[in-house]
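Worksheet: one structure, shown below.
No value in this document is a laboratory result; all are computed from the given coordinates. Just so it is clear, the model here is predicted, and its values are computed rather than measured. As a convention, Cβ positions derive from the backbone with ideal geometry for all residues, glycine included, and neighbour counts pool all protein chains shown.
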Amino acid sequence: MRWAMVIDLGACTGCGACVVTCRQENNVPVADEETFYHGRNLDWIQLEDQAEGEYENLRVRQYPLMCQQCDKPPCVKVCPVRATYRDEEGIVGQIYRRCIGCRYCTNACPYSVKTFNWKKPGWAEGTERRQSPDVSLRPAGVVEKCTFCHHRRQKAKEAVRAEGRELGAGDYEPACVEVCPAGAMTFGDLDDPSSPLAQLVQDRHGERLMDDLGTEPKVIYLRPPGGRS
């Protein structure tokens with residue numbers, strides 16, 4: 001089993017629902033004005049612009065960019081304390097208590113999708129109860145990233161174990177996939193040729209970002225009809 005995500009750029013509207021939901025689900029603090037001014041945004045999902053066509057027929061699309069969950073992640077190779085790792089299901093995880101903040105992994109990642117806690121995150125008064133109890137609050141000085149909602153996967157494994165079976169592709173999905181109003185995100189097992197995700201990749205010829213680097217990312221973007229991804 002290899003968990004993967006397909007994002008249909010023809011369906012994505014750039015509404016930002018995935019960004020907001022990821023922030024809420026994973027206790028990602030909102031960067032204050034000073035932090036944002038210095039380019040230290042904390043969001044695990046970013047909306048990136050992609051220009052298509054030529055002037056005067058230029059069109060700009062937005063696409064979600066998160067950890068690409070590479071099968072050959074360069075970030076794992078450079079971490080001196082093994083805080084970044086790739087598990088048996090293909091998800092690149094992050095052990096926050098082990099991270100020493102050297103940021104070797106951040107420099108090695110060609111997608112710039114890791115964030116660093118420059119200071120202890122603050123929370124607006126009255127918002128503490130909105131934090132998810134399933135996700136830890138990271139201290140200052142650690143690297144954070146998308147893990148395809150690792151806590152959801154663990155809860156799903158506990159549920160199916162009680163039923164006496166193995167975790168399947170339809171047993172869990174990340175928060176961003178669940179809330180996408182356009183249905184642009186599909187999540188599933190890339191190794192299962194009968195899964196909707198694998199069929200989308202085969203039928204629509206999905207593209208991987210910077211695939212020529214050999215990182216083998218598992219976030220796959222589908223070209224919009226008549227356009228480029």
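Here the simple spin-label model places points 7 Å from the Cα toward Cβ, and for GLU33 and ASP191 these points are separated by 5.1 nm.
Taking Cα pairs under 8 Å and at least six residues apart, what relative contact order does the chain come out at, in percent? Relative CO of the chain lands at 31 percent.
Applying 1/(1 + (r/R0)^6) with R0 = 22 Å to the Cβ-Cβ distance of GLN24 and TYR96 gives a FRET efficiency near 0.75. Only one of [x] 14.3; [y] 12.7; [z] 17.1 was calculated from the structure for mean projected area of the Cα convex hull in nm², and its label is [x].
Run through region 25-71 and list the GluC sites (Glu not before Pro) located in a DSSP loop whose Cβ has at most 15 other Cβ atoms within 10 Å. In loop regions of region 25-71 (DSSP not H, G, I, E or B), the sparsely surrounded GluC sites (Glu not before Pro) are GLU54, GLU56. Pairs of lysine residues in the chain that meet both criteria, 8 or more places apart or on different chains and Cα atoms under 19 Å apart, total 11. Placing unit charges on each Cβ (+1 for Lys and Arg, -1 for Asp and Glu) gives the chain a dipole about its Cα centre, and among ASN41, PRO174, GLY53 the Cα reaching farthest toward its positive end belongs to ASN41. For region 161-229, trypsin sites (Lys or Arg not before Pro) meeting the loop criterion (DSSP other than H, G, I, E, B) and having at most 16 other Cβ atoms within 10 Å: ARG165, ARG228.
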